[in-house]
Amino acid sequence: MSSNIANGASAGRPRSEEAHQSILDATDLVFIDPLGTGWSRPATEDGGKGFYNFEGDVEAVGSFIRLWVARNKRWASPKFLAGESYGTTRAAGLAHYLQENLGMFLNGVALISPRLIWQNQVFHDGNDQPFVVFLPTYTATAFYHGRLAPELSGDLDATLAEAEAFALGEYATALLAGDRLEPSEKRKVAERLARYTGLSVEYVLRSNLRVPIWRFVKELLRGLGYAHTFEGLKLVHRDVSPPNVLLSYSGEVKLTDFGLTSPE
């Protein structure tokens, strides 16, 4: 499909053209839902615990690939593997597993939106990088939910530019200083961090300037207390766990398996 505005065609009326470089007529595109994704579910009595780790996941997908190739008699065909996001980690493991364990050699691997460095994503003691990297996302989230000061609530791009500059400058320097940071300077940084996250200064100080994403979401969304008191529903929510929290680029929070239940 294409749209040719220069020749007077409306952008809202795409027209079809022959895709001469398409591989669809000469290729089998096989899309796989690994266990626990899409419609794929384990049939084991333990709920598939053995599959939900790196090795188990790679072995399960690798076994599926071997079975499909064998049943469709495609061992002699060129094989290319593509993975997106965590699928890139899976693809890297599969390339090794298929070759070493099943004797299947791939002709190529495509890594789409890969995450090859996990240090800036995993919150744990001694690793301050995620706190710096996630701060602009916290700011966008607080912006979306109206938790920022009025002067920060008008232009998202300008607010994010401020937050990013603070994160890479004053905030990163303060975290690097560790316990050597003077109390007065620590409070100053906490006040700015609270300003860009919508959290209270006291909460930021109690967190030692380091608020992991699951604590940030819980604290920011305390306004969801209406779910407890909304007249007629009598609903409460279970604890929000990190794997159930999704943040969009614009700062919108999505909670999967939020766990709304009735106490009655």
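Just so you know, all these numbers are worked out from the coordinates, no wet-lab data involved. In this text, all values refer to a predicted model and were calculated from it rather than measured experimentally. No Cβ is skipped: glycine too gets one built from the backbone with ideal geometry, and neighbour counts run over all protein chains shown.
Grab the Cα-Cα distance for ASN101 and GLN119, subtract it from 0.36 nm times how many residues apart they are, and report the gain in nm with one decimal.
Numbers: separation 18, 0.36 × 18 = 6.48 nm, distance 2.97 nm.
Residue separation times 0.36 nm, minus the Cα-Cα distance, leaves 3.5 nm.
Relative to the Cα centre, what is the charge dipole magnitude of the range 72-144, using +1 at the beta carbon of each Lys and Arg, -1 at the beta carbon of each Asp and Glu, and rounding to the nearest 20 debye?
The dipole of the range 72-144 has a size of about 500 debye.
How many angstrom lie between the Cα centre of the range 11-82 and the Cα centre of the range 144-208?
44
Using 0.36 nm per residue of separation minus the Cα-Cα distance, give me the extension gain between ASP155 and ALA70 in nm, one decimal.
Additional length available on full extension: 25.0 nm.
Taking only the alpha-carbon positions of the range 17-116 and ignoring solvent, what does the Debye formula give for the base-10 log of I(q)/I(0) at q = 0.12, 0.21 Å⁻¹?
-0.44, -1.20
So, in nm, how far is label ASP33 from label ASN127 when the simple model puts each one 7 Å beyond its Cα toward the Cβ?
So the two model labels end up 3.1 nm from each other.
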